[in-house]
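Structure record follows, encoded as structure tokens.
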Amino acid sequence: MSMLQFDENGARHILRLYATPDVVQQRARVLALLAAQPGERVLDIGSGPGFLVASLADVVGASGAVHGLDQSPPMNAVARDVIGTRPWARIDDGDAVELPYGDGAFDAAVATQVYEYIADIPRALSELRRVLRLGGRALVLDTDWDSVVWHAADRQRHRRVMAAWEEHLVHPHLPCTLPGHLRRARLRVTGRHLIPLFNSSFEPNTFSALNMEMIAQFVSGRQGLTDEDVDAWMADLRERGAEDDYLFSVNRYCFLAVAE
Ligand SMILES: C[S@@+](CC[C@H](N)C(=O)[O-])C[C@H]1O[C@@H](n2cnc3c(N)ncnc32)[C@H](O)[C@@H]1O
């Protein structure tokens with residue numbers, strides 16, 4: 001069965017999920033780690049809702065340029081709205097494994113939560129390396145779905161749900177292999193950073209509450225999970241919230257590298 005679709009419904013969900021304070025603080029860390037400078041040319045691969053493109057555009061200013069690239073037309077429509085009137089920023093249609101840019105076109109490039117959806121990592125990273133100038137910076141961030149801690153009373157059902165959720169992408173455990181992949185693509189790793197997302201209570205505008213809805217929609221009918229199983233899983237988590245013993249965390253792993 002298919003992976004998570006970045007269609008109109010998916011784009012709407014991602015827009016809400018990535019506007020939560022949890023993901024806002026993640027982007028702030030990413031921006032600080034990339035340390036883009038005024039006048040630089042920066043590429044955001046798999047730019048999704050375009051929030052990072054907008055922030056990068058504000059940093060590089062009109063003397064620089066920011067390109068977001070994504071293969072999903074609904075995502076790109078959302079992103080074009082989000083970046084608004086910043087003429088030095090643009091959103092391009094395209095595939096991360098065949099970037100429509102010349103060699104050495106960028107000073108820096110980022111790909112956050114994207115490569116985990118792409119089967120051919122060596123090809124995607126060789127494209128990332130190709131479009132960077134010598135000495136240019138790359139920042140790659142992905143999740144290991146083994147890093148999730150989520151308090152459910154029925155742990156067995158919870159494990160079944162999370163196992164089915166792993167089908168939403170190609171590589172649910174990509175981060176541990178990224179340093180090796182980057183090195184082989186002539187990208188020298190210069191930084192390794194952990195960015196946790198942590199919800200200590202059940203609130204509507206949080207990563208875990210909104211992700212729970214995406215997970216529920218996705219896993220229903222997979223690996224033998226019925227709608228009733230999934231409803232019961234959500235009710236279980238909501239009860240933890242109501243009883244004030246809610247706890248959720250997931251880790252993002254972020255790698256910085258320099259083009260050699
Ligand atoms: C989970 S979203 C992350 C969006 C954005 N990078 C962020 O962190 O806000 C993943 C994005 O990667 C895009 N994507 C997946 N495979 C891609 C590919 N081969 N080429 C370009 N974009 C891709 C999807 O369309 C989606 O917008």
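Only the coordinates and a few stated rules stand behind these numbers; no lab work does. From a predicted model like this one, the values you see are computed outputs, not experimental measurements. Don't worry about glycine lacking a Cβ; one is built from the backbone with ideal geometry, like all the others, and counts go over all protein chains shown.
Tabulated data for the structure shown
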item	result
Whether the stretch 5-54 is rounded, prolate or oblate, judged on the alpha carbon gyration tensor where a/c under 1.5 counts as rounded	oblate
FRET efficiency, 1/(1 + (r/R0)^6) with R0 35 Å, evaluated for D93 and S220 via beta carbons	0.70
C-alpha long axis of helix 21-34 to longest principal axis of the chain, angle in °	30
Two-site FRET efficiency, V59 against E260, from Cβ-Cβ distance with R₀ of 41 Å, rounded to 0.05	0.95
Charge tally in the Cβ shell below 14 Å around H13, where Lys, Arg are +1 and Asp, Glu are -1, H13 excluded	-1
Net +/- balance of residues flanking D103 in space, Cβ distance below 14 Å, scoring K and R +1, D and E -1	+2
Environment charge at L169 (Cβ cut-off 10 Å; Lys +1, Arg +1, Asp -1, Glu -1)	-4
Intensity falloff of the chain expressed as log10 I(q)/I(0), Debye formula with alpha-carbon point scatterers, at q = 0.08, 0.14, 0.16 Å⁻¹	-0.32, -0.95, -1.20
Crossing angle, helix 51-60 versus the chain [Cα axis fit, 0-90 degrees, rounded to tens]	30
Contact order relative to length of the stretch 158-229, as percent, for alpha carbon pairs under 8 angstrom and 6 or more apart	37
For the stretch 183-260, diffusion coefficient by Stokes-Einstein and Kirkwood Rh (Cα), 10 °C, 1.306 mPa s, µm²/s	105
Computed FRET value (nearest 0.05) for A153 with H173, which takes r as the C-beta separation and R₀ as 25 Å	0.40
Spatial separation of Cα centroids for the stretch 68-121 and the stretch 130-174, in angstrom	20
Gyration tensor (alpha-carbon) shape descriptor, the stretch 6-145, a/c threshold 1.5	rounded
Relative contact order [Cα under 8 Å, 6+ residues apart], the chain, whole percent	22
Choice from A11, A242, A152 showing the highest fluctuation, given a GNM over the chain with Cα pairs closer than 10 Å	A242
Tilt relative to the chain, helix 121-131 - C-alpha long axis, 0 to 90 degrees, to 10	30
